[in-house]
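What follows is a single structure, written as structure tokens, with notes after it.
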Amino acid sequence: MNLLSVTAEIFPLVKTGGLADVAGSLPKALKSHGIRTRTLVPGYPSVTETLDEAMPIARYDCLFGESATLLAARAAGLELFVLDAPGFFHRSGGPYTDKNGLDYPDNWKRFAAFSFVASQIAGGFVQHWRPDIIHAHDWHAALSLVYLKYASDVQIPRVLTVHNIAFQGQFPAPVFSELGLPDEAYAVDGLEYYGDLGYLKGGLQAADAITVVSPTYAREIMSPTFGMGLEGVMNARHDDVVGIVNGIDVDVWDPSADPHIEHPYSASEPLRRLANREALLELFGLPQTRGPVFASVNRLTWQKGMDLLAAVVDEVVAMDGRLIVHGHGDAEIEHAFLDAARHFPHHIAVRLGYEEPLAHKIQAGADAMLVPSRFEPCGLTQLYALRYGCVPIVARTGGLSETIIDANVAALQAQAATGIQFSPVDTDGLRLALRRAFNLYRHRRVWEGLQRQGMKTDCSWQRSAARYAELYGNITSTDMRLAG
Ligand code: ADP
Ligand code: GLC
């Protein structure tokens, strides 16, 4: 089976978050199910610079106003199509925002162009390679399914994955006339969204199957609290929604063979891990301690509850623990952490930015990873933490609630616990979670049990890739039945 995956990010070429990790690692896992994936990605500089073999397969003189070349290429073991459109993608900011963090004003056009090309490939535009199914990720790619829905001559099963319903690709209605879609597409069962255009909304209406990155989040977004305006559509599509938890690339995240860490270790040599802990404290200029070393590698945003963490740092100080924060995001939260580090230089250290190697070092050296998200579709950070023996402390929401087993009495007795869950997700809840962690940490054998159990957890793609393969199988056979 040939699969066309369509995504705005893919690890290791371009990444702002977990979407890239998923898009980069799922194809490998699908191979053993006989599924050959080619992924269409935008030609950002970090992508076009790293292609191993790049062959032009189509040229556009005027693709939504820009010239562009579609390349077939390979990089980092991935089989790719790259839309090389410098006017759209060679910019000095990030994939979606400029240097000041503001959305590019023409995002509607950039991702319409990208999605339009995806729909062409899905329709058989590329010689000698025709996909059996198209799988689009998030709003940036969602419009490809809308183009296909209204292309009467193309029958290909369409899958959409929701990684985060907070990002919807909402644009003013007048943009519609520029998209090259028939008038009927501007309707409640199409792109129309509260009088505007909703790319994700259109994709949800056009998909044959919708996957959400955890079963809990799939349920949550059917309610107004989490659905962010799309709960009605999610409910209407209820029968076609399936929650599949993300896996991780266990080769990229392997503490026994991680080039980014100084002292590789495995579950059977927990003491070797201590050397990484020492190195980490040193790297961040913090004194060594017998107290717990908490960490956070995260986008510093409201979604991630990082304002909550900034508000309870005194709790860490009181237990003579350490807190290491690495991330970037909202200016206010960044300042709150910088202030905290200034006030408590022996306890708190912050490095603003986004550094992949540092994320590995922190997972390998910290005792506990804090993930206090207000909502979390799946979350990968807590999965990496499990694998690295860094005990996750997570909010009880979305994918966090179903990937971490709380250290309650029953779970501890059954030796099943892997971390701490807390709710309500507010400062009181987080304070209590930190105190629980402190108490567990003092009981070395219990804490080591949590680490061991976490490291034993299977976070690989094995089970979830099988579920995607099953879904693709079902949907292609249904499609063939309908066509026949
Ligand atoms: P999200 O995609 O919502 O940000 P996930 O937990 O799914 O959340 O994925 C986050 C990914 O981004 C992980 O791979 C994590 O290691 C990485 N990450 C987050 N912040 C940073 C940072 N400051 N530096 C390096 N990697 C980071
Ligand atoms: C989104 C979500 C995160 C998820 C990731 C990959 O960024 O916020 O929870 O793990 O996508 O699916």
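The values are calculated or read from the model by the stated rules, or taken from the named source; none is laboratory data. For clarity, every value in this text was computed on a predicted model and none was experimentally measured. In this analysis, Cβ positions are derived from the backbone assuming ideal geometry, glycine residues included, and neighbour counts consider all displayed protein chains. Heads up: the accessible areas ignore ligands, DNA and RNA and are worked out on the full protein's heavy atoms, side chains in. Shrake-Rupley method; radii C 1.70, N 1.55, O 1.52, S 1.80 Å.
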Listed residues A136, A122; which is touching a residue at least 40 places away in the same chain (Cβ under 8 Å) and more than 22 Å from A236 (Cα to Cα)? A122
Does at least one position in region 12-28 carry a residue that is of a type outside the set (G, A, S), over 18 Å from the mean Cα position of the chain (by Cα) and open to solvent by 20 Å² or more (accessible area, probe 1.4 Å)? no
Checking the structure you have, find out if any residue of region 404-423 is within 14 Å of ligand 1 (Cβ to nearest atom) and either touching a residue at least 24 places away in the same chain (Cβ under 8 Å) or touching a Pro at 6+ places or on another chain (Cβ under 8 Å) (or both). yes
Subset of region 404-446 that is among the β-branched types (V, I, T) and in a helix (DSSP H, G or I) - its residue that is surrounded by the most Cβ atoms within 10 Å (Cβ to Cβ): T427
Residues of region 150-176 being among the aliphatic types (A, V, I, L, M) and in a strand (DSSP E or B), which ones? V159, L160, V162
Pairs under 8 Å by beta carbon, first residue open to solvent by 30 Å² or more (accessible area, probe 1.4 Å) in region 159-175, partner within 12 Å of ligand 1 (Cβ to nearest atom), six or more apart or different chains? A166/Q303; A166/F375; F167/D138
For region 20-138, give me every one of the strands (runs of 3 or more DSSP E) that falls completely inside it and has 3 or more residues that are under 30 Å from V250 (Cα atoms). 36-42, 66-75, 78-84, 133-137
I'd like to check something: does region 378-394 contain any residue that is hydroxyl-bearing (S, T, Y) and more than 10 Å from ligand 2 (Cβ to nearest atom)? yes
Quick one: which strands (runs of 3 or more DSSP E) lie wholly within region 192-243 and hold at least 2 residues that are open to solvent by 10 Å² or more (accessible area, probe 1.4 Å) and under 24 Å from S464 (Cα atoms)? 241-243
Quick one: V252 ticks every box in (1) within 16 Å of ligand 2 (Cβ to nearest atom); (2) touching a residue at least 40 places away in the same chain (Cβ under 8 Å); (3) hydrophobic (A, V, I, L, M, F, W, C); (4) assigned by TED's automatic domain parsing to the domain that holds E470 bar one, so which box is it? (4)
Which condition from (1) open to solvent by 30 Å² or more (accessible area, probe 1.4 Å); (2) away from ligand 1 (no atom under 15 Å from the Cβ); (3) assigned to a helix (DSSP H, G or I); (4) of a type outside the set (F, W, Y) is the one that P345 breaks? (3)
Please pick out the residue among D189, D240, D196 that is more than 15 Å from ligand 1 (Cβ to nearest atom), over 28 Å from T476 (Cα atoms) and assigned by TED's automatic domain parsing to the domain that holds V154. D196
Is it the case that G305 is under 29 Å from R452 (Cβ atoms), within 16 Å of ligand 2 (Cβ to nearest atom) and touching a Lys or Arg at 6+ places or on another chain (Cβ under 7 Å)? yes
